[in-house]
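One structure is given here, and the rest of the page talks about it.
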Amino acid sequence: MKSTAKNTILRFVIFLCILFLVFVYLNKVFTLPEEDENTKIFNSFYGETENSLDGIYLGSSAVNRFWNAPLAYHEYGYSIFAFSTSSQPLVLYRNLIREAEKTQSPKLYILELRDVTESAENIMEEGIRRVTDNMPLFSLNRIDTINTALDYAEQGESKVDKNRMDYYLPIIKYHSMWTQNELSANDLLLRNTEDPSKGFLLGNKSFGQVSQEKPLQTGERRPLAKETEDALRKLLDYCDTLDAEVLFVLSPYSEQEEKEREWINEAVRIVEEKGYPVLNFLDEELLEDLNLDWDKHYYDSKHVNILGAEVYTKYLAEYIKAHYDLADHRDDKQYKSWDEAYEYYLDFTKEKRAQMEE
C-alpha cells in the first residue's frame with residue numbers, strides 16, 4: 001500500500017512538473033513574435049558573452065537607428081551594444097540597467113534623453129511590452145519592471161492596459177494568435193532569433209532620404225511633467241550607485257514643438273546640475289560640429305539613415321575615445337561576433353549605399 005501511495009504521489013509530482021513546463025512554454029510562444037525587431041535585440045543581448053561589453057546604450061529608436069555598433073567596433077574596437085527598443089520609456093532605464101548587470105559589467109552607460117518630452121499621458125503600451133515581454137518570465141526584475149511602468153502610466157490618462165496580470169502572463173494578452181494564425185515555426189520552436197548587428201537596426205528604412213529642417217533653437221525652459229521629472233531624478237540617483245561612467249545624449253532630430261525643446265532644456269539642466277555630462281546634439285554649436293546633411297542623412301524627422309548613422313557614430317565614438325578609457329578588442333578572437341556584425345553591415349548596405357551617395 002505504501003508503495004502504491006508513493007507511486008501515486010510521484011506520478012502527481014511528475015504531472016505537475018510537466019504542466020508547469022507546458023505553461024512556461026506557452027507563455028514563451030504566445031508573446032511578441034520571434035521576428036519582432038525588439039525581440040531580436042533582446043535575444044542578441046542575452047546571447048552576448050558574459051562581461052564582454054564595454055558599454056550599453058539605452059533608449060528608444062533614437063538609439064537603434066543612430067548608433068552603428070558594428071562600425072564603432074570596426075574603427076575603435078569598442079563593444080558598445082545598442083540595448084534599445086522602439087518607444088522605450090525613460091522610466092524603465094533603471095530596470096534595464098539592472099537586467100544588463102546580471103551578465104555584464106560595462107564601464108560606460110550611454111542614456112538617450114529624448115523621452116523626457118513624454119509623460120504618463122502618452123506612454124504607449126507597446127513601448128512597455130517590448131521590454132517586459134522579452135524578459136525572462138519569472139524574473140523578479142521583470143515583475144518590478146511591469147510594476148514600475150504601470151505605476152507610472154496610472155499617473156496619466158493614457159490608453160495603456162492597466163491589468164497587471166496581462167503583463168505577468170503574456171498568454172492572456174496574446175492567446176488569440178493561435179486562432180488568427182499568427183504563429184510562425186520560429187515562434188513554436190523558440191528559435192531565439194538574434195539581431196545580427198548588435199542592436200543597430202537595418203532594413204528598407206535605412207536607405208531612405210527625406211530632407212529635414214534643422215532643430216528649433218531656444219534657450220527657454222519649461223517644467224517637466226511631475227511624473228517625468230520624478231522618473232528622471234530617480235534615474236540620476238540610481239546612476240550615483242553604479243560602478244560605471246554615465247553619459248547622457250540627445251540625438252538630433254527635426255520634428256519639435258517649442259514646448260518640446262523647452263522640456264529638453266529643463267532636463268539637460270537637471271542632469272548637468274546632478275554632475276553628469278550631456279551631449280546635446282540639438283544645440284546649434286554641437287550640431288554644427290557634428291555636420292549632418294539634413295537633405296541626405298535622414299529617412300524621417302526623427303531618424304537617420306545609414307549615412308547619418310555613420311556620421312553620428314564616428315563623432316560619438318571619437319568623443320568616447322577622448323573622455324573614457326575603453327579597451328580596443330579588434331585583435332581579440334573572443335570578439336569574433338563583432339567582426340561578423342561589421343561584415344554583415346557591409347554586405348547589407350553595399351549595393352544601396354552607393355546609390356545614396358551619388
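The values are calculated or read from the model by the stated rules, or taken from the named source; none is laboratory data. No experiment lies behind these values; they were computed from the predicted model shown. Neighbour counts are summed over all protein chains in view; Cβ atoms, including those assigned to glycine, are modelled from backbone coordinates with ideal geometry. Just so you know, the surface numbers come from the protein's heavy atoms only, side chains and all, with ligands and any DNA or RNA stripped out. Shrake-Rupley method; radii C 1.70, N 1.55, O 1.52, S 1.80 Å.
A single member of 226, 274, 234 is open to solvent by 60 Å² or more (accessible area, probe 1.4 Å), more than 28 Å from residue 106 (Cα to Cα) and modelled with pLDDT of 95 or more, and it is 226. Name the residue that is nearest to residue 75 (Cα to Cα), counting only residues in the range 339-351 that are open to solvent by less than 90 Å² (accessible area, probe 1.4 Å) and out of contact with any Pro (no Cβ under 8 Å at 6 or more places or on another chain). My answer is 339. If you filter the range 222-241 down to residues that are aliphatic (A, V, I, L, M) and not in a helix (DSSP H, G or I), you find that the one that is nearest to residue 272 (Cα to Cα) is 224. Of the residues making up the range 322-338, those that are in a helix (DSSP H, G or I) and surrounded by fewer than 16 Cβ atoms within 10 Å (Cβ to Cβ) number 5.
Scanning the range 237-271 for residues that are open to solvent by 20 Å² or more (accessible area, probe 1.4 Å), in contact (Cβ under 8 Å) with a residue 60 or more places away in the chain and not acidic (Asp, Glu) returns 238, 242, 244, 263. Among the residues making up the range 139-161, those that are part of a loop (DSSP other than H, G, I, E, B) and either closer than 14 Å to residue 119 by Cβ or at pLDDT 90 or above (or both) are 139, 154, 155, 156, 157, 158, 159, 160.
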